[in-house]
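Engineer: Attaching a single structure in structure tokens format; questions to follow.
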Amino acid sequence: RRPRYEDDDDLYRKLFMSIVLKTYDRRSPLRRQQGQQDYSKANANPAETIFLNVCANTLTEHSCAQPALAVVDVILAGQPTQCRAIGLMNTGQWGELAPGKGVTVLYSGENDCQSPSGSSGQWRIKMNFECQPGETKLVSAIQPSQDDPCYFEAKMQTPHACPISPKGGLSGGSVFVIIFFVVSTTYLVGGAVYKYKKKGTQGIESIPNIDFWRTVPGLVKDGCKYSWAKTRDFIQRVSDKTGGSRDGYDSVE
């Protein structure tokens, strides 16, 4: 079964159609709506607050709230307050953590990040949604390396990143049907090729064990007649014990 998330969101569809054989809760309430607050995380060094939403623009009113549809904003403390849109809606690249452990998305942001060399770079943030029972919480949102100040990582633990059905595999019945058809096809095709090559048979005579298969209809008929005879005898014995009549049951020749 293919993965399932919000029906009305292209990003969710792209994500969960690309992670096959997983099923996630498409009704997940991770996305913050109007009237709610963004997920946020304050860091001391550097002094900054990271605001993020899930597959929707951030809701906090600040200087980053532009039509660019930023999923993740960073507010730098100081005078004046500075804001950076480090993750834009249309840049999400979705994937999966370890099988069944959650999902991840990498966003790109504006091209106004200053690299250590002094050149401009693009902001990036990788958001990891880890499968974790309990309440949804934003665990961290940091710059993992000072060597790349343009790159952030965020970790969110939530039950909504857990599969809601087995991540894959087939039922016993499906496995049986597949094995049956594979074996049957191999038997018929392989046997026909062998008889054609070794014995020069043509047409229906190339069917493996053709003499046996010709007797199958007769064997089935005999089996049905035998079963009916036994059933009729049983009914007769029950009828004799209860004082009934055997009228209405004819012999099968």
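The values are calculated or read from the model by the stated rules, or taken from the named source; none is laboratory data. Since we're looking at a predicted model, the values are computed, not measured. Note that each Cβ is placed from the backbone with ideal geometry, even for glycine, and that neighbours are counted across all protein chains shown. Heavy atoms of the whole protein, side chains included, go into the accessibility calculation; ligands, DNA and RNA do not. Shrake-Rupley method; radii C 1.70, N 1.55, O 1.52, S 1.80 Å.
Engineer: Go through (1) modelled with pLDDT of 85 or more; (2) closer than 27 Å to residue 75 by Cα for residue 159 and report which single condition fails.
Structural biologist: Of everything listed in (1) modelled with pLDDT of 85 or more; (2) closer than 27 Å to residue 75 by Cα, residue 159 misses just condition (2).
Engineer: Specify which of the listed residues (143, 122) is within 19 Å of residue 73 (Cβ to Cβ) and without any contact (Cβ under 8 Å) to a residue 24 or more places away in the chain.
Structural biologist: Working: 122 fails: without any contact (Cβ under 8 Å) to a residue 24 or more places away in the chain.
On inspection, the qualifying residue turns out to be 143.
Engineer: How many residues, within region 12-69, are at pLDDT 70 or above and outside any loop (DSSP other than H, G, I, E, B)?
Structural biologist: The qualifying residues number 10.
Engineer: Among the residues of region 86-134 satisfying the criterion of being open to solvent by 50 Å² or more (accessible area, probe 1.4 Å), farther than 18 Å from residue 54 by Cβ and touching a strand residue (DSSP E or B) at 6+ places or on another chain (Cβ under 8 Å), which is modelled with the highest pLDDT?
Structural biologist: Here the answer is 122.
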